Amino acid sequence: MKKIFTFLFVALSLFSLSDKKISEIETKVQQEGILHYSHPPKIIFVKREELRRILQRDLGKESVVLKSLGIINNEDSYIQIKKELVLSNAVGFFDPENGDRIYLLQGLGELEQEFALVHELRHYIQFQTFPELFKVLKNSLFCEDSAITFTALLEGDANLLTLNYFGIKNFPMDFSLLKLPANKEGAFLKEIFSFIYGAGYRIIKKEYEKDGWSGVFKLLKKPPLYSSFFYSKPYSPPSCPCENPKVLGMKMYSFIFDDLAKDIQGDCFCLQRDFLEGRILFKSSDKVAIALKKISGKIKAIREERLIKFKVEVKDDSSYPGEKRNDPEDRRGTL
């Protein structure tokens, strides 16, 4: 399941949006963004406890991949930090699983609620206008390249619309405000959310400044599949030894290879019951040698010309009693 939500870092006096105000907001959002919904969503105000209960489902299923590759050290720590990040800072969300509902947190200031509603309304309209993006997200792990790329584009569009709505010229999001732990789990989440919200906004704004909303819609109708798009580099996954391989992409491999990830031409991985197997194709032989040295002793890998092949063990996590964490059928959704 893919949840699209709003982070907000302001505190104002407490009011509630009236039905009249909600209707006005819905009209303005459709006019401002040149897209319209077929029918209005259900706006549901929930208490913090209920919002936490709804949001915490399906968080962190990508942790087994991240741990296997050494991007994070501890699955439990990662899941708890991610949950706290989402549950403590989200003030509203649109859930495609129940495609006609937008949830807003009770007890916020009127302007906070309006900000959240504008952002989530745009996601609601995206869901009706660009359904293929949401289908991919529903069946993807959060660490997959297409999921990261599509989420960045959707958030970039929603943030641009929201800022235009309020007449704000600069994107104010700063994930350093979240004070994430100074460990690998916290560093990963800070960087990946900064990429999603920052790089996503910048690329959408660039298209908007060049061709207006038509340029943005063109990008969302035929979105790039790989995060290499954000670096203006080509990407083509090699063949992989499984029926339905996945792609991690440049952004995810940057947590392993740093800037060397930009020299990757393509990758693929297979998530099996007991192991994670992958292939990474580099542009040149000298880059492969450097990359292999970088992961030596951390990931079991071999080199074949410009290709790195790796295979790492995937272990059960006893913190999930009663669940088969290694079941490939149980690796859908996230965020």
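The values are calculated or read from the model by the stated rules, or taken from the named source; none is laboratory data. Only a predicted model underlies this, so the values are computations on that prediction, with no experimental measurement involved. Neighbour counts run over all protein chains shown; Cβ positions are idealised from the backbone, glycine included. Heads up: the accessible areas ignore ligands, DNA and RNA and are worked out on the full protein's heavy atoms, side chains in. Shrake-Rupley method; radii C 1.70, N 1.55, O 1.52, S 1.80 Å.
For region 150-187, the tally of residues that are over 18 Å from residue 60 (Cβ atoms), open to solvent by 30 Å² or more (accessible area, probe 1.4 Å), without any contact (Cβ under 8 Å) to a residue 60 or more places away in the chain and among the hydrophobic types (A, V, I, L, M, F, W, C) stands at 4. When the residues of region 47-102 are filtered to those that are without any contact (Cβ under 8 Å) to a residue 40 or more places away in the chain and outside any helix (DSSP H, G or I), the one that is farthest from residue 182 (Cα to Cα) is 99.
Kindly establish whether residue 200 is surrounded by fewer than 21 Cβ atoms within 10 Å (Cβ to Cβ) and under 19 Å from the mean Cα position of the chain (by Cα). No: the conditions fail for residue 200. With a requirement of 1 or more residues that are farther than 30 Å from residue 88 by Cα and among the hydroxyl-bearing types (Ser, Thr, Tyr), the helices (runs of 4 or more DSSP H) lying completely within region 174-260 that satisfy it span 200-221.
Scanning region 249-262 for residues that are surrounded by fewer than 18 Cβ atoms within 10 Å (Cβ to Cβ) and closer than 21 Å to residue 302 by Cβ turns up just one, 260.
The rows are residues; the columns are (1) under 30 Å from residue 254 (Cα atoms); (2) open to solvent by less than 20 Å² (accessible area, probe 1.4 Å).
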| site | (1), (2) |
| --- | --- |
| 113 | no, yes |
| 121 | no, yes |
| 128 | no, no |
| 137 | yes, yes |
| 145 | yes, yes |
| 148 | yes, yes |
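Checking 28, 47, 82 one by one, the residue that is at pLDDT 95 or above, of a type in the set (Lys, Arg) and over 18 Å from residue 134 (Cβ atoms) is 28 and no other. Quick check on region 209-218: of everything there that is within 17 Å of residue 123 (Cβ to Cβ) and open to solvent by 20 Å² or more (accessible area, probe 1.4 Å), which residue is farthest from the chain's Cα centre (by Cα)? Looking at residues that are within 17 Å of residue 123 (Cβ to Cβ) and open to solvent by 20 Å² or more (accessible area, probe 1.4 Å), I get 213. Testing residue 266 on (1) touching a Ser or Thr at 6+ places or on another chain (Cβ under 8 Å); (2) closer than 20 Å to residue 141 by Cα; (3) assigned to a loop (DSSP other than H, G, I, E, B), one condition comes back false. Which one is that? Status for residue 266: all satisfied but (3). What number of residues within region 288-305 satisfy the criterion of being buried (at least 17 other Cβ atoms within 10 Å of the Cβ) and in contact with a Phe, Trp or Tyr (Cβ under 9 Å, 6 or more places away or on another chain)? Summing the residues that are buried (at least 17 other Cβ atoms within 10 Å of the Cβ) and in contact with a Phe, Trp or Tyr (Cβ under 9 Å, 6 or more places away or on another chain) in region 288-305 gives 5.
Counting just the residues of region 72-96 that are open to solvent by 10 Å² or more (accessible area, probe 1.4 Å) and in contact with a Lys or Arg (Cβ under 8 Å, 6 or more places away or on another chain), which one comes out farthest from residue 277 (Cα to Cα)? Looking at the filtered set, the residue picked out is 96.
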